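The values are calculated or read from the model by the stated rules, or taken from the named source; none is laboratory data. Nothing here was measured: the structure is a model prediction, and the numbers come from that model. Quick reminder, even Gly has a Cβ in these numbers, built from the backbone with ideal geometry, and neighbours come from all protein chains shown.
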Amino acid sequence: MELQTVWFFIWGLLWAVFFMTDGFDLGIGSLYPFLGKSERDKHMMIHAMGPLWDGNEVWLLTAGGVTFAAFPLVYAVMFSSLYSALMLILFALILRGVSFEFRNKVDNPAWKRVWDTCIFVGSFLPALLFGVAFGNIFKGIPIDQDGIYLGTLFTLLNPYGLLGGVLFLCLFLVHGALWLTVRADGDLAQRAENLAGKLWPVLAGVAVVFLVASYIFTPLYDNYLANPVLFLVPAISVAAIVGIKYFLMQNAFFKAWLASAATIVSCTFFGVIGLFPNLFPSSIDADYSLSAFNASSSPLTLKIMLIVVLLFVPVVLAYQIWAYKLFSVKVTDDDLAHDDMY
Amino acid sequence: MDVVMLSRLQFAAATMFHFLFVPLTLGLSVLVAYMETQYVRTGDETYLRMTKFWGKLFLINFALGVVTGITLEFQFGTNWSRYSAYVGDVFGSLLAIEASVAFFLESTFIGIWIFGWNKLSKKAHATVMWLVAAAGNVSAIWILLANGWMQQPVGFTIRDGRAELTDFLAVITNKFGLLEIAHTIPSAFVLAAFFMMGISAWHLLKKQHIDFFTRSFNIGLAVGLVSSIVVAVTGDMHAVHVTQTQPAKLAAMESHWETQTQAPIIMLAIPDEKNERNAIEIGRLPGALSLLGHHDVNAAVTGLKDIPKDERPPVLPTFVSFRTMVALGTLFPLLTIVGLFLKNRLLESRWYLWVMLFALPLPYLAIEMGWVLAEVGRQPWIVYGLLKTANAASPVAASQVMTSLVGFILVYGLLGIAGFYLIADFAQKGPKPAAADVKSANG
């Protein structure tokens, strides 16, 4: 297999892991005003995300960094084209990150309200906009032969792009609610469970609409029709979505969350495989698309970075899985009482 | 204002704001890890209280450092796409390595440190902070190697209008980058040391928590003394290297116009760029520039007049930032040496405590001046000798950049005020009383 092809899939994998991990805290943050009724609820929701959100967000930095290192032309064109959307995402993430740290530091309701709003906006906006961004990437972006974007922020808010945004939002809301069923206790966990149950048919419905819309509006299915064995990937997505419902009905909450994780990863790969070999397709002319083969860095760079990734990503996964294990237990009153460091 | 100028301002604002918080993270993480280790080794509860007090200030600062860093990772792509396409092989790799090796470690384990007090043994918990400290400093190594490459590009070849990597080892052993590391990381420790000493001085002046803050002050003093001397020494080595590799920057930072042997240092100057001379010169040290720059009084130092006009950096900001940084960098070891003499009479030496309280912001100024020197002094190049900044910006509408620039100034301004308020508030409150902390540590 060619080096550039290997890197294409590493690129896809990093985005998938980012969505799988940060997805649950973006989801919880988006549910914050709806599930966080009491001060204790809010406290518990922050605690549910607290130990893991920062490590999750680094997958975004790595996905970006790897795009820069392995496909510099894509990094350059993608981030300058999606300028306004990306700036909005970045400002939102800035506010979210600081909110966790700042919210409980001053015993003043107005102060807390400000940071509570930042938690919500800082989670909802990225969830929606990542979906809009990737929806547009699947569809094709109006870039010309010099990689110049011939559109605005509003060009991205077309029906298919917005559908992508809604899909990501549903995926993350369910993912977040399921994490709360694992980590929260009592009334909050029960309400999260009920909400997950109510959101599931919405997610399933949106997913079906998305699969159909992708056939109509994007060239994603071309790769699948040429290699039908690849239909296994969306099949896994469907199975995983069903799995969420199945495990929820059995009250096997962690398994339900794992099924949700599998849904997110397989949905991302449905798109990534459909894109291959393009990372940033042009909707104006296929010749203007940026692919793994015309936008990558030199073979030496790809080789060195491959060694780095093969060495370090397993290490990272090992200690992040350990962190998840440490913190996938119920948050207790004792935990809430002793979080003087947060 | 055009897109390039707006992008310059935005990047400068974003990086300088980020670097208000990074040095304290790098230095204080090590100091907090040290304090927690002392608690584990001795069982002395005061060390635990010190860990929690300084740790809380650390975390407020850390949050701001992390979030302001995220935007930088992407700002190369958003605002400097032509640069990114050109240097992706080298610069992109170093950034990707920084994230894989260091950011993951730092961000995963800080969460464990904050929330894992009751879940890990005392030893394991202290180790976690060492991992955070190591990760932060390792990330600094990678980004400084990246900046070093911008200043002195090595290990590459130009193919198809971009820089392709040919020698990775050359990139990671680049002398410019290594000198930046040797100079910048100790400067972070100076900042952390003065932060601890300044806040400790405030409490000692009020004669409260005397044992707690005397211990804290002395930790800061020891670290500050050693690191400020290292900063001065490596600073000199770095300037020698700049003389050899970036003659334009050297000429600008000294406001040196005429190429000559036995070149003098002008202590203070007001440059007159239009007429290619200094309007005012105060204090002349004959031969000093040749001596400092080449370690040979008879060596020639290139003057600005012999550098093409379109390759000269802006002289005034380069000169002023350098002079300010060096003046402060000379002050820091002197202040710590005084502290060494007053070590056993700290509480009575009120004049010294007042000085150290007001000295707290000075390392912040020195470090920012250092970066202004490094980056403005490299102009007009974004990659020295290869690519000009004016040709490196993204082809985006100026209105978009104006909007994001205003956004950055507003958001960062508000966060900065909130962060400063929180740190000042918690710093002046002092540590919690002994019993409360002991109880929560033992669960």
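Quick check on my filter: what residues within the range B:13-26 are farther than 12 Å from residue B:71 by Cα and in contact with a Phe, Trp or Tyr (Cβ under 9 Å, 6 or more places away or on another chain)?
B:16, B:19, B:20, B:21, B:23, B:24, B:25, B:26
Only one of A:256, A:318, A:239 is farther than 30 Å from residue B:87 by Cα, touching a Leu at 6+ places or on another chain (Cβ under 9 Å) and in a helix (DSSP H, G or I). Can you tell me which?
From the options A:256, A:318, A:239, the qualifying one is A:256.
Looking at residue A:123, is it within 22 Å of residue A:176 (Cα to Cα), part of a helix (DSSP H, G or I) and more than 12 Å from every other protein chain (Cβ to nearest Cβ)?
Yes; evaluated as a whole, the condition is true for this residue.
Are there any pairs with C-beta distances below 7 angstrom linking a residue in the range A:129-158 that is more than 24 Å from residue A:269 (Cβ to Cβ) and more than 14 Å from chain B (Cβ to nearest Cβ) to a residue that is among the hydrophobic types (A, V, I, L, M, F, W, C) and assigned to a helix (DSSP H, G or I), with the two at least 6 apart or on different chains, and if so which?
Note: pairs meeting the criteria are A:157/A:132.
Could you check, for the range A:329-340, whether at least one of its residues is more than 30 Å from residue A:106 (Cα to Cα), outside any loop (DSSP other than H, G, I, E, B) and without any contact (Cβ under 8 Å) to a residue 40 or more places away in the chain?
no
Six or more apart or on different chains, Cβ atoms under 7 Å: show the pairs whose first residue is in the range B:107-118 and within 7 Å of chain A (Cβ to nearest Cβ) and closer than 12 Å to residue A:55 by Cβ and whose second is assigned to a helix (DSSP H, G or I) and among the small types (Gly, Ala, Ser).
As it stands, the answer is B:107/A:55; B:108/A:55; B:108/A:323; B:111/A:55; B:111/A:323; B:112/A:323, since those pairs meet every condition given.
Counting only residues that are among the polar types (S, T, N, Q) and under 21 Å from residue A:57 (Cα atoms), which one in the range B:89-118 is farthest from the chain's Cα centre (by Cα)?
By that ranking, first place goes to B:108.
Take residue B:101 and tell me if it is surrounded by fewer than 23 Cβ atoms within 10 Å (Cβ to Cβ), at the interface with chain A (Cβ under 9 Å from one of its Cβ atoms), in a helix (DSSP H, G or I) and in contact (Cβ under 8 Å) with a residue 24 or more places away in the chain.
Yes; evaluated as a whole, the condition is true for this residue.
In the range A:291-337, which residue that is surrounded by fewer than 18 Cβ atoms within 10 Å (Cβ to Cβ) and touching a Lys or Arg at 6+ places or on another chain (Cβ under 8 Å) is nearest to the other protein chains (Cβ to nearest Cβ)?
That would be A:326.
Output the number of residues of the range B:119-169 satisfying the condition of being more than 25 Å from the chain's Cα centre (by Cα), outside any loop (DSSP other than H, G, I, E, B), away from chain A (no Cβ under 11 Å) and surrounded by fewer than 21 Cβ atoms within 10 Å (Cβ to Cβ).
Summing the residues that are more than 25 Å from the chain's Cα centre (by Cα), outside any loop (DSSP other than H, G, I, E, B), away from chain A (no Cβ under 11 Å) and surrounded by fewer than 21 Cβ atoms within 10 Å (Cβ to Cβ) in the range B:119-169 gives 5.
Within the set of pairs 6 or more residues apart or between chains, which connect a residue that is free of Cβ contacts under 8 Å to residues at least 40 places away in the same chain inside the range B:307-333 to a residue that is surrounded by 23 or more Cβ atoms within 10 Å (Cβ to Cβ) and of a type in the set (S, T, N, Q) with Cβ atoms less than 9 Å apart?
Close Cβ pairs (under 9 Å, with a partner that is surrounded by 23 or more Cβ atoms within 10 Å (Cβ to Cβ) and of a type in the set (S, T, N, Q)) amount to B:331/B:228.
Quickly run through the range B:293-322 and pick out the residues that are assigned to a helix (DSSP H, G or I) and buried (at least 19 other Cβ atoms within 10 Å of the Cβ).
B:293, B:304, B:315, B:318, B:319, B:320, B:321, B:322
Consider residue B:369 against the criteria (1) surrounded by fewer than 17 Cβ atoms within 10 Å (Cβ to Cβ); (2) in contact with a helix residue (DSSP H, G or I) (Cβ under 6 Å, 6 or more places away or on another chain); (3) in contact (Cβ under 8 Å) with a residue 24 or more places away in the chain: it satisfies all of them except one. Which criterion is unmet?
Residue B:369 satisfies every listed condition except (1).
With A:162, A:129 as the choices, which residue is under 19 Å from the mean Cα position of the chain (by Cα), surrounded by fewer than 19 Cβ atoms within 10 Å (Cβ to Cβ) and in a helix (DSSP H, G or I)?
A:162
Taking the residues in the range A:50-74 that are in a helix (DSSP H, G or I) and over 18 Å from the mean Cα position of the chain (by Cα) as candidates, determine which candidate is surrounded by the fewest Cβ atoms within 10 Å (Cβ to Cβ).
The qualifying residue surrounded by the fewest Cβ atoms within 10 Å (Cβ to Cβ) is A:73.
Regarding the range B:343-353, can at least one residue be identified that is among the charged types (D, E, K, R), in a loop (DSSP other than H, G, I, E, B) and either within 12 Å of chain A (Cβ to nearest Cβ) or closer than 30 Å to residue B:78 by Cβ (or both)?
Looking for residues that are among the charged types (D, E, K, R), in a loop (DSSP other than H, G, I, E, B) and either within 12 Å of chain A (Cβ to nearest Cβ) or closer than 30 Å to residue B:78 by Cβ (or both), one finds none in the range B:343-353, hence no.
Select from the range A:320-332 the residues that are at pLDDT 95 or above and over 15 Å from residue A:254 (Cβ atoms) and list them in ascending order.
A:320, A:322, A:323
Within the range B:366-406, count every residue that is within 14 Å of chain A (Cβ to nearest Cβ), hydrophobic (A, V, I, L, M, F, W, C) and not in a helix (DSSP H, G or I).
7
Could you please let me know if residue A:332 is closer than 30 Å to residue A:226 by Cα and out of contact with any Ser or Thr (no Cβ under 6 Å at 6 or more places or on another chain)?
So residue A:332 does not fit the description; no.
Just to be sure I understand, how many residues within the range A:75-108 are assigned to a loop (DSSP other than H, G, I, E, B) and surrounded by fewer than 22 Cβ atoms within 10 Å (Cβ to Cβ)?
3
Six or more apart or on different chains, Cβ under 8 Å: which pairs go from a residue in the range B:421-433 that's away from every other protein chain (no Cβ under 11 Å) to one that's exposed (fewer than 13 other Cβ atoms within 10 Å of the Cβ)? Could you list them?
Listed pairs, sorted by first residue: B:430/B:208.
Residue A:106 versus (1) more than 9 Å from every other protein chain (Cβ to nearest Cβ); (2) at pLDDT below 95: which is the lone unmet condition?
Going through (1) more than 9 Å from every other protein chain (Cβ to nearest Cβ); (2) at pLDDT below 95 one by one, residue A:106 breaks only (1).
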